[in-house]
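Reading through the structure tokens given below for one structure.
The values are calculated or read from the model by the stated rules, or taken from the named source; none is laboratory data. Source: prediction; values computed, not measured. Every residue, glycine as well, gets a Cβ built from its backbone with ideal geometry; the counts of neighbours run over all protein chains shown.
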Amino acid sequence: MTAREYNFDGLVGPSHNYAGLSFGNVASFSNVKSESNPREAALQGLAKMRALAARGFGQALLPPHARPNFALLRSLGFTGSDAQVISSAAKTSPVILAAAYSASPMWTANAATVSPSPDTADGRAHFTPANLNNKLHRSYEHVQTARALRAIFHDERHFAVHDALPPTPAFGDEGAANHTRLCADHGAPGVEMFVYGRVEFQPDAPSPRRFPARQTREASEAVARLHGLDPRRAVFIQQDPDTIDQGVFHNDVIAVGNGNVLFYHQQAFADEAASLDGLRRVLADTGADLVAVRVDASDVTVADAVGSYLFNSQLLSRPEGGMALLVPRECRENAAVDRYLDRLVASGGPIDELLTFDLRQSMRNGGGPACLRLRVALTEQEAAAMHQGVIMTEALHARLVPWVQKHYRDRLAPADLADPQLAVETCAALDELTGILGLPSLYDFQC
Ligand SMILES: N=C(N)NCCC[C@H](NC(=O)CCC(=O)O)C(=O)O
């Protein structure tokens, strides 16, 4: 069956800001309390979506979440009118207010894990929203994510959207950022590779010492079970705990795969040789040969990988053949990475084109091109069955740009989160957005 990969990018919400909420994410911590530009962030994201759609890649979007999250604030004891809730949270605990205001759902690689229909026992595409329970500001995203996914993938003959895993450290789940599907073809059964940072029920297993391992093996195994994956085609690999301690808080900061190609850093996995052997063997059973593009530490250090987000690139199969690597501008500004990339595309290997995008606003919170997208491989029938209003087209882009320009601020400082007007503006923006996307009643405030 022919199938095509769609990248569902997170549309950046109007409250995009730098609050330093993600311990272990170097960029989030370094840019804490600096001023953001939500308008520019949204336009940078839209420019990427538009360019990929224009090149013939499947491109769609996931809408932002309502902010601030009043349910969270009220559950933590802030009372009164919406304006009073904001004002008392701002006075008592600005960090809680920032958590309730985070635009982090823009990083849709963490929205869910997706198994396309050729991999699952019931022949449907399965989605499990990630519980993201390692960070307060991300731990409640799954509620709205499930709602949006159920609205878009509403046809239960084709799609199954599960609830998130139990929100407890044993089942820490960060979604597709730690999940890579390798295959001969999107429409053929593939190998699903789950990368975890620690094992809850085996306390002597290696784990990082400095920064948290957000994904557990137990969570990855549970998602594979929920999706009805064939155990012979699901592979579980441990991330190198030392790289987590150097700021590699998700596997997609150190490796990316597409088709039969795995582009990865030598220090990505705890046991590189065994991991690669296992993958190669399992992939061979599906009729595909693994092409491993290994980046040596002598060419690019882990620090350079984290600073440039080389591996947080999108590896894309061009409709006309060959693969392009979409990298953030920071890769061209890092001398070692820049040199490496020039050699990579000239090497005669599978990656023969570079696309460079300015995603600085998102990058400053540790979100590169690959963080901004959720990959969903769909057959033609499935693509026709999903909600069409979220598919990126020139026409949709042309409606969204003025919508952003009308509603988004061009500067947001931490103190601005205390301004009750920001909540009013956000609500108006999202209300209008549901009209543009044709997704009525997407948010609680609309019910
Ligand atoms: N690697 C992938 N797939 N995603 C990147 C997510 C970045 C996100 N940053 C933040 O949540 C920062 C928010 C702040 O500090 O304001 C995170 O750490 O979870």
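Within region 103-123, if we keep just the residues that are touching an Asp or Glu at 6+ places or on another chain (Cβ under 9 Å) and within 16 Å of the ligand (Cβ to nearest atom), the residue that is farthest from residue 170 (Cα to Cα) turns out to be 106. Just to be sure, is residue 444 closer than 21 Å to residue 15 by Cβ, modelled with pLDDT under 95 and surrounded by 13 or more Cβ atoms within 10 Å (Cβ to Cβ)? It is true that residue 444 is closer than 21 Å to residue 15 by Cβ, modelled with pLDDT under 95 and surrounded by 13 or more Cβ atoms within 10 Å (Cβ to Cβ).
Would you mind stating whether residue 132 is at pLDDT 95 or above, more than 15 Å from the ligand (Cβ to nearest atom) and of a type in the set (A, V, I, L, M)? Considered against the rule, which asks whether it is at pLDDT 95 or above, more than 15 Å from the ligand (Cβ to nearest atom) and of a type in the set (A, V, I, L, M), residue 132 comes out as no. Against the list (1) under 19 Å from residue 222 (Cβ atoms); (2) within 12 Å of the ligand (Cβ to nearest atom); (3) in contact (Cβ under 8 Å) with a residue 40 or more places away in the chain; (4) not β-branched (Val, Ile, Thr), the condition residue 137 fails is (1). Selection of first residues in region 252-271 that are at pLDDT 95 or above and among the β-branched types (Val, Ile, Thr) and of second residues that are crowded, with 20+ Cβ neighbours inside 10 Å and assigned to a helix (DSSP H, G or I), restricted to Cβ pairs under 9 Å at least 6 apart or on distinct chains, gives the following pairs, ordered by first then second residue: 253/177; 253/243; 253/305; 253/306; 254/243; 254/302; 254/305; 254/306.
Every condition in (1) more than 15 Å from the ligand (Cβ to nearest atom); (2) assigned to a helix (DSSP H, G or I) holds for residue 361 except the one numbered (1). For region 199-241, the set of residues classified as of a type in the set (Lys, Arg), closer than 25 Å to residue 23 by Cβ and surrounded by fewer than 24 Cβ atoms within 10 Å (Cβ to Cβ) consists of 209, 210, 217, listed by residue number. Any residue at all in region 402-415 that is of a type in the set (S, T, N, Q) and part of a helix (DSSP H, G or I)? Scanning region 402-415, I find at least one residue that is of a type in the set (S, T, N, Q) and part of a helix (DSSP H, G or I), so the answer is yes. For region 131-148, the criterion of a residue being out of contact with any Cys (no Cβ under 7 Å at 6 or more places or on another chain), under 23 Å from residue 119 (Cβ atoms) and surrounded by fewer than 22 Cβ atoms within 10 Å (Cβ to Cβ) is satisfied by at least one position. Being outside any strand (DSSP E or B), touching an Asp or Glu at 6+ places or on another chain (Cβ under 9 Å), more than 16 Å from the ligand (Cβ to nearest atom) and of a type outside the set (S, T, N, Q) is true for just one of 154, 126, 186, 142. Which residue is that? When all the criteria are applied, what remains is 186.
Charged (D, E, K, R), more than 16 Å from the chain's Cα centre (by Cα), modelled with pLDDT of 95 or more and assigned to a helix (DSSP H, G or I): does that describe residue 294? So residue 294 fails the test.
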